[in-house]
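Asker: Quick one: the structure is below, questions incoming.
The values are calculated or read from the model by the stated rules, or taken from the named source; none is laboratory data. No experiment lies behind these values; they were computed from the predicted model shown. As a convention, Cβ positions derive from the backbone with ideal geometry for all residues, glycine included, and neighbour counts pool all protein chains shown. Only protein heavy atoms, including side chains, enter the accessible area calculation; ligands, DNA and RNA are left aside. Shrake-Rupley method; radii C 1.70, N 1.55, O 1.52, S 1.80 Å.
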Amino acid sequence: MKTASELKNELFYTKKSVYELTSEENVNKAFDYAVGYKKYLDNAKTEREAVTTSIEIAEKAGFKPYTLGQSLSAGDKLYYNNRGKSLFLFTVGSESIENGIRISAAHIDSPRLDFKPCPLYEDSRMSFFKTHYYGGIKKYQWTTIPLAIHGVVTLKDGTNINVTIGEDENDPVFYINDILPHLGQNQAKKTLGEAIEGEQLNLFAASRPYSTEDEGDQIKLTVIALLNEKYGITETDFISAELSAVPAEKARDIGLDRAAVGSYGHDDRVCAYPALTSVIDNADSAHTLMCVLADKEEIGSDGLSGMQCEIFPDLIDEIAKALGGDPAVVRANSKCLSADVSAAYDPNFKDVFEKRNTPELSCGVVLIKYTGSRGKAGTSDAGAEYIGWLRSVMEKDNVVWQTGELGKIDLGGGGTVAKYIANLNIETVDLGVPVISMHAPYELISKVDLYETYKAFSAFCKY
Ligand code: MN
Ligand code: MN
């Protein structure tokens, strides 16, 4: 007869960390993998930069541009660049396309401060850019930190000018003012959400007048004259621009053991990078593989570069037809991992989590059956059979995984791209990395969780 402890081991679901469950060699591999990831983070702070950087990585691995309608054959490694803002990479497998496509879909946009169309003004010997925040942010977190400007300006003649200011060590950075505590008594009485308002998120741009001879808007003139000198732009060009302020910090190891990484934009590059590299590294799989790097997830996945855009089903249909398959059959047999982050349990904020069902740092990739809020509204809620299949796939490569949901019931919630893919009749479940301080200007993840996520996506590509 078995002892109670033997029986517990056999019958209970117990969560253990990657450190407890894997070898030192596996942990070392995780640390090595994070080196490339940190480089990716620093080079890809906006969705456009993520597309460019991902294409560079893919081209080095032999991927070539794809045009709609192109003929395809087994062994092809291709990418479709959707307007420089979202990216679809795919490899054509040797098996029948009607067996379906293995799709990993992450997003490459992150919360940030976008410039308004008429951003520049001067007030009280300072010049500022007015911003409109993008995605879910805690506004007060964006004051008094070094910010960089990233983006593009399209001139009247169609020239596209890339702008990056604040990343080079010799560059200046930008800044959002806050009130000193001495005069902050009224502010301190407000709620955190109201303490800094959207219209106060104005980016400090300059303070030296262009000239003292002429009066009025001389500091504003300084800003536009410097931009004109460097980029050839005028104030009207801001209207055909996409400029954003993002944290100027680089990705760095956090903690004495260097086991965590701090960075802007882990959500969702921490899933985009493993989704991308797993498809590249498993390009010889018998399955046809696709990696989707979508834009606009943080604001609802709408529009040309969002996951809801018809370009995604169009691409699947084009691939199906080019390989002699029925598009409806291909979709019905395709499988998808919606690669997105989840909130890691934080002992400093115990009251918002239900510990039994919250992912913990260092306990591996997180499998999220459903997202949504208020009684699971707005989620595709993956089926038991699909999750069962995925469990067996991850087990083949000893992937350490855990499960969870986003905090306590009715405290809030959130969504991912999963439902838009599931709505197309493609099996989909959320899988990703647990994050501490999600959506903050500087977020934290664990290197071992990142690597288990890469292993999970790789197993999904392979088996
Ligand atoms: Mn996300
Ligand atoms: Mn997010």
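Asker: One residue is enough: does segment 161-172 have a residue meeting the conditions more than 32 Å from the chain's Cα centre (by Cα) and without any contact (Cβ under 8 Å) to a residue 40 or more places away in the chain? Even if it seems obvious, please write down each step before you answer.
Answerer: Here is the first cut: in segment 161-172, the residues more than 32 Å from the chain's Cα centre (by Cα) are none.
Looking for residues that are more than 32 Å from the chain's Cα centre (by Cα) and without any contact (Cβ under 8 Å) to a residue 40 or more places away in the chain, one finds none in segment 161-172, hence no.
Asker: Could you figure out which of (1) open to solvent by 10 Å² or more (accessible area, probe 1.4 Å); (2) in a loop (DSSP other than H, G, I, E, B); (3) within 16 Å of ligand 1 (Cβ to nearest atom) isn't true of LEU444?
Answerer: Going through (1) open to solvent by 10 Å² or more (accessible area, probe 1.4 Å); (2) in a loop (DSSP other than H, G, I, E, B); (3) within 16 Å of ligand 1 (Cβ to nearest atom) one by one, LEU444 breaks only (2).
Asker: Check segment 284-298 and report whether any residue there is away from ligand 1 (no atom under 16 Å from the Cβ), in contact with a strand residue (DSSP E or B) (Cβ under 7 Å, 6 or more places away or on another chain) and open to solvent by 50 Å² or more (accessible area, probe 1.4 Å).
Answerer: For segment 284-298, residues away from ligand 1 (no atom under 16 Å from the Cβ), in contact with a strand residue (DSSP E or B) (Cβ under 7 Å, 6 or more places away or on another chain) and open to solvent by 50 Å² or more (accessible area, probe 1.4 Å): absent.
Asker: Among the residues of segment 70-86, which ones are open to solvent by less than 20 Å² (accessible area, probe 1.4 Å) and under 13 Å from ALA294 (Cβ atoms)?
Answerer: ASN82, SER86 - these are the residues of segment 70-86 that are open to solvent by less than 20 Å² (accessible area, probe 1.4 Å) and under 13 Å from ALA294 (Cβ atoms).
Residues checked against (1) under 21 Å from LEU323 (Cβ atoms); (2) within 16 Å of ligand 1 (Cβ to nearest atom); (3) under 21 Å from the mean Cα position of the chain (by Cα); (4) among the small types (Gly, Ala, Ser):
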| site | (1), (2), (3), (4) |
| --- | --- |
| LEU78 | yes, no, no, no |
| GLY84 | no, no, yes, yes |
| THR91 | yes, no, no, no |
| SER94 | yes, no, no, yes |
| LYS116 | no, no, no, no |
| GLU122 | no, no, no, no |
| SER127 | no, no, no, yes |
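Asker: Looking at segment 392-441, which of the residues that are among the charged types (D, E, K, R) and within 16 Å of ligand 2 (Cβ to nearest atom) is nearest to the chain's Cα centre (by Cα)? Before the answer, list the steps.
Answerer: Of all residues in segment 392-441, those among the charged types (D, E, K, R) come to 395-397, 405, 408, 410, 419, 427, 430.
Checking the rest, the ones that are also within 16 Å of ligand 2 (Cβ to nearest atom) come to 405, 419, 430.
Values: GLU405: 18, LYS419: 17, ASP430: 14 Å.
The qualifying residue nearest to the chain's Cα centre (by Cα) is ASP430.
Asker: From the list THR191, THR212, pick out the single residue that is within 28 Å of MET438 (Cα to Cα) and free of Cβ contacts under 8 Å to residues at least 12 places away in the same chain. Spell out how you get there, then give the answer.
Answerer: Values: THR212 fails: within 28 Å of MET438 (Cα to Cα).
Unique residue meeting the criteria: THR191.
Asker: Of the residues in segment 49-65, how many are in a loop (DSSP other than H, G, I, E, B) and surrounded by fewer than 21 Cβ atoms within 10 Å (Cβ to Cβ)? Before you say what the answer is, go through the steps one by one.
Answerer: First pass over segment 49-65, keeping only residues in a loop (DSSP other than H, G, I, E, B): 61-63.
If we keep only those that are surrounded by fewer than 21 Cβ atoms within 10 Å (Cβ to Cβ) too, we end up with 61-62.
Adding up the residues that qualify gives 2.
Asker: Going by the conditions given, is ILE149 open to solvent by less than 70 Å² (accessible area, probe 1.4 Å), at pLDDT 95 or above and of a type in the set (A, V, I, L, M, F, W, C)?
Answerer: Numbers: open to solvent by less than 70 Å² (accessible area, probe 1.4 Å): yes; at pLDDT 95 or above: yes; of a type in the set (A, V, I, L, M, F, W, C): yes.
Judged against the criteria, ILE149 is a match.
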